[in-house]
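Beneath this line is the structure, given in structure tokens, with notes to follow.
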Amino acid sequence: MILSKIELYNFRSHDEAAFLFDPRLTLVTGKNGTGKTNLLEAVYVLLRGTSFRASDRELTAFERDWWRVVGELDDTTRELRHQSDKLPAKQLLMHDSAKRFHYKDRLPVVLFEPTDLQLIHGSPNRRRSTFDDMLMSLSPDYRQALSRYERSLKQRNNTLKRYGASNELHDLLFVWDVTLAKYGETIIAERERFISQINTMLPEIYSQIAGRVSDIELRYHSTSPSTSSRFIDKLHKNIGLDKMRATTSIGPHRDDFMFYLNQTDAKAMASRGETRSILLSLKLAYTALLRDLHDTDPIVLLDDVFSELDSDRQKNLLRALGDSQVIITDTKNIPGTGKRIRL
């Protein structure tokens, strides 16, 4: 999949602009505030239907009430438009027809942006959200299981808050325990399978970027058993604690993902350059999984990616990117081949 051109209308800081991209590598440079990230965001919105940092309405240029993003993908023109006074507000236009954007219309794209650095040192909730997004793009079954799990979790927590003092609490929770266990088992199995796939690629990719052989591993820390029957048993055992806290204390919503570099928790010992290299390795491994699923190369978007990488790691990263179309932003002029856009 190749994006050859994009046109922006009333999108963020771009009232009207058009950009041409190289099928391999495009370097977007300019000072802070010139719209580099906005350009990447427009590409992401065109492919995924949503922004990675704002609501649809917030993408509209100042004192405007609509925006459009038009792209030429392979031999197809794809247009996404948003107009606040229409229903549906957001529409996808392709082949001379318009429709509401659906998650099935999403195309494979991989993004690295500076806030990703919080993945290692940030909260477990951020890690769960990031990996859930990856898994939902790879597995429709995971998307369905997660949605139903979250609905059941909300109902169980509401029951705990409303009937915590009731003698019938155990019976009232039973139906939600069964549902949580059923979909929780699917979620845990899919997460473990995903981590196993990532770990087959992560050490080689990281070593290629770092320029030396290193042991890198992603581990899954679960609070609940992997089988539904044992999950239910543990939920029952924790009713006293759950009743006191008015919330469910175990399950995939409490689990965590941890990176280990040379058998040590990366949160405790990884330098900033190593942290960035770990996350880039994860993104490239995820790119490979998307490529296998869609039988096409995802578009890779890298925002301010070279910061805190020495010159050797910068060159190694460019080599590791493979055959995907890549769009990179930076405040400085980046050495290497490829099309250049100066903002």
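The values are calculated or read from the model by the stated rules, or taken from the named source; none is laboratory data. None of these values were measured; they are calculated from a predicted model. All Cβ positions, glycine included, derive from the backbone under ideal geometry; neighbour counts span all protein chains shown.
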| query | Taking segment 246-286 on its own, how many of its residues are at pLDDT 95 or above, outside the structural domain of residue 155 (by TED's automatic domain parsing) and hydroxyl-bearing (Ser, Thr, Tyr)? | reply | 2
| query | Residue check: is residue 123 within 30 Å of residue 330 (Cα to Cα), of a type in the set (Ser, Thr, Tyr) and over 13 Å from the mean Cα position of the chain (by Cα)? | reply | yes
| request: Quickly run through segment 276-301 and pick out the residues that are outside any helix (DSSP H, G or I), surrounded by fewer than 22 Cβ atoms within 10 Å (Cβ to Cβ) and in contact with a helix residue (DSSP H, G or I) (Cβ under 8 Å, 6 or more places away or on another chain). | output: 297
| query | Checking residue 86 against (1) surrounded by fewer than 16 Cβ atoms within 10 Å (Cβ to Cβ); (2) touching a residue at least 24 places away in the same chain (Cβ under 8 Å), which test does it fail? | reply | (2)
| said: Among the listed residues 79, 58, identify the single one that is without any contact (Cβ under 8 Å) to a residue 24 or more places away in the chain, under 24 Å from the mean Cα position of the chain (by Cα) and assigned to a helix (DSSP H, G or I). | reply: 58
| request: Within segment 83-131, track down each residue that is touching a Gly at 6+ places or on another chain (Cβ under 8 Å) and of a type in the set (Lys, Arg). | output: 90, 106
| Search result, residues across segment 105-127 that are surrounded by 15 or more Cβ atoms within 10 Å (Cβ to Cβ) and of a type in the set (D, E, K, R) | 105, 113, 116, 126, 127
| Which ones in segment 254-273 are part of a helix (DSSP H, G or I) and surrounded by fewer than 21 Cβ atoms within 10 Å (Cβ to Cβ)? | 254, 267, 268, 269, 272, 273
| Mind checking whether some residue in segment 313-327 is part of a strand (DSSP E or B) and of a type in the set (A, V, I, L, M)? | yes
| query | Quick one: in segment 169-194, which of the residues that are buried (at least 17 other Cβ atoms within 10 Å of the Cβ) and within 19 Å of the chain's Cα centre (by Cα) is farthest from residue 261 (Cα to Cα)? | reply | 187
| remark: Exception for residue 223 within (1) β-branched (Val, Ile, Thr); (2) touching a helix residue (DSSP H, G or I) at 6+ places or on another chain (Cβ under 6 Å); (3) in a helix (DSSP H, G or I) falls at (3)
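Starting from residues that are of a type in the set (A, V, I, L, M, F, W, C) and touching a residue at least 40 places away in the same chain (Cβ under 8 Å), keep the ones in segment 136-176 and report whichever is farthest from residue 191 (Cα to Cα).
Filtering first and then ranking leaves 169.
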